[in-house]
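Derivation of every value follows stated rules applied to the coordinates shown; laboratory data play no part. Model, not experiment: these values are computed from the prediction. Reconstructed Cβ throughout: ideal geometry from the backbone, glycine too, with neighbour counts over all protein chains shown.
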Amino acid sequence: MQYLEQEIISLTQYIWGATLNLEAIPHDEPVPPVPGGRTLDGVINITGAWAGALVLQVPEHVARRAASVMFEIEEGSATLEDMQDAVGELTNMTGGNVKALLEGHCALSLPAVVEGRDYSIRVPGSQAITRVTFDIDGEPFVVSLLTRRDRVVGAPLERRVPSVQ
């Protein structure tokens, strides 16, 4: 089992269910990304007694659906800004709940959201310690927890967080 894996599963299901009335179904195994698809990735840094980041990787369809429900607009009229705002807020809620599980005083940065196709997100100096894939309407999305590499014994020199595409 990965670090805080069960807690991340529970809080992700709660956030998506309570906020969006969408069922986030966890996968037992990682689901490969769909090549060439448009993705929105939210990143929020955690600093203090524990240092790292939380990354939420969402395919466009899921981001559009989240924006539609969150802002009470037609799904087809959700703009890129609406989708970025929705992913940013979901990242912030998830990061805040994870931060509450960590020992010691920690703070969150503002979330950042990246959008595009065929790219990867890398948080320099970090290593993924938890990666959970979920499904909404047959589309996978991923929640990853990264920690500073110098706090992980035997960490590799570089770690890329693959994007759900």
Q) In terms of modelled amide H atoms, which long-range or inter-chain residues lie less than 5 Å from the amide H of L22? A) G17
Q.
Let's test the formula: R0 of 22 Å, r as the Cβ-Cβ distance of E29 and L101. What FRET efficiency results, to the nearest 0.05?
A. 0.35
Q: Taking the chain as the reference, fit the longest principal axis to its C-alpha atoms, fit the long axis of helix 60-71 to the helix C-alpha atoms, and give the angle between the two in degrees, 0 to 90, nearest 10.
A: 80 degrees
Q) Can you list the HN-Hα couplings for region 126-139, worked out from phi with the Karplus curve (6.51, -1.76, 1.60; θ = phi - 60°), rounded to whole Hz and with x for Gly and Pro? A) 10, 9, 5, 10, 8, 9, 10, 9, 10, 10, 10, 6, x, 10
Q: Please work out the Cα convex hull volume for region 1-80 and give it in Å³ per residue.
A: 130 Å³
Q) For the modelled label position 7 Å from the Cα of R117 along Cα-to-Cβ, which residues of region 72-90 have backbone nitrogen atoms closer than 19 Å? A) 79-81, 83-84
Q) Once the principal axes of the Cα atoms of the chain are found, what is the range along each, listed largest first in whole angstroms? A) 47, 32, 29
Q. If you build a Gaussian network model of the chain, linking Cα atoms that sit under 10 Å apart, which residue out of T19, T147, T91 swings the most?
A. T19
**Q.** Distant-in-sequence amide H partners of I121 (H built 1.01 Å from N, under 5 Å)
**A.** V161, S163
